[in-house]
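Written below as structure tokens is the structure these notes are about.
The values are calculated or read from the model by the stated rules, or taken from the named source; none is laboratory data. Quick caveat, the model's predicted, so the values are computed rather than measured. Note that we place each Cβ from the backbone using ideal geometry, even for glycine, and neighbour counts take in every protein chain shown. Surface areas here come from the heavy atoms of the whole protein model, side chains and all, with no ligands, DNA or RNA. Shrake-Rupley method; radii C 1.70, N 1.55, O 1.52, S 1.80 Å.
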Amino acid sequence: MSAAGIEYIGDWVLDDEPVTLKTTHKPVVALPYNFELHDIVLMALGHHPSDQMFARVMDQFECLYAESAERPKIMSIAMHPYLTGVPHRIKYLEMLYDYILGHTGVVMWTGAEILDWYRSQVPAR
């Protein structure tokens with residue numbers, strides 16, 4: 001992947017901080033990803049009620065936000081418009097974003113933005 005120009009991956013189940021992976025070419029950064037905050041896992045496979053994603057994300061956020069007082073944390077949320085974007089679920093997503101983004105120091109970034117931030121924080125390897 002690295003030889004093909006891939007700089008980061010975002011689909012490897014990982015903790016809440018990026019890590020640099022050694023390769024035979026250049027290093028690749030693995031961004032945090034999980035299956036616990038994932039609409040396919042919760043809604044399509046687990047058949048949980050629409051508000052379950054809201055409850056899980058809120059619990060995860062509260063824990064990571066408290067931990068972020070010591071060092072930055074990244075919370076990935078895997079969602080798809082055909083599941084989370086439907087009328088009976090979208091209100092929970094809007095409530096999540098309103099609450100989470102209302103906290104000091106919280107940003108919503110793309111993978112490329114996270115990569116840029118991570119590289120500015122970690123010495124090149």
**Request:** Please enumerate the residues belonging to the stretch 80-125 that are over 26 Å from Ser2 (Cα atoms), among the basic types (Lys, Arg) and open to solvent by 100 Å² or more (accessible area, probe 1.4 Å).
**Result:** Lys91
**Message:** Residues that are in contact with an Asp or Glu (Cβ under 8 Å, 6 or more places away or on another chain) and of a type in the set (A, V, I, L, M, F, W, C), at least 1 per element: which helices (runs of 4 or more DSSP H) completely within the stretch 55-125 meet that?
**Reply:** 81-84, 111-121
**Prompt:** Can you tell me which of Tyr65, Tyr33 is among the hydroxyl-bearing types (Ser, Thr, Tyr) and at pLDDT 95 or above?
**Reply:** Tyr65
**Message:** Among the residues in the stretch 16-31, are any farther than 20 Å from Val57 by Cβ and among the charged types (D, E, K, R)?
**Reply:** yes
**Item:** Tally, over the stretch 4-15, of residues that are among the charged types (D, E, K, R) and touching a residue at least 60 places away in the same chain (Cβ under 8 Å)
**Value:** 1
**Asked** Considering Met43, Met53, Met1, Met75, which residue is closer than 20 Å to Ser120 by Cβ and without any contact (Cβ under 8 Å) to a residue 60 or more places away in the chain?
**Response** Met75
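Quick one: in the stretch 1-15, of everything that is at pLDDT below 90 and exposed (fewer than 14 other Cβ atoms within 10 Å of the Cβ), which residue is farthest from Arg56 (Cα to Cα)? Please lay out each step first, then the result.
First pass over the stretch 1-15, keeping only residues at pLDDT below 90: 1, 11-15.
This time we only want the ones that are exposed (fewer than 14 other Cβ atoms within 10 Å of the Cβ), so: 1, 11-13, 15.
Values: Met1: 33, Asp11: 19, Trp12: 20, Val13: 17, Asp15: 16 Å.
Among them, the one singled out is Met1.
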**Message:** Looking at (1) under 22 Å from Asp11 (Cβ atoms); (2) more than 14 Å from the chain's Cα centre (by Cα), which one does Leu96 not meet, given that it meets all the others?
**Reply:** (2)
**Fill in**
Among the residues of the stretch 5-36, the number that are part of a loop (DSSP other than H, G, I, E, B), closer than 19 Å to Pro72 by Cα and not hydroxyl-bearing (Ser, Thr, Tyr) is 10
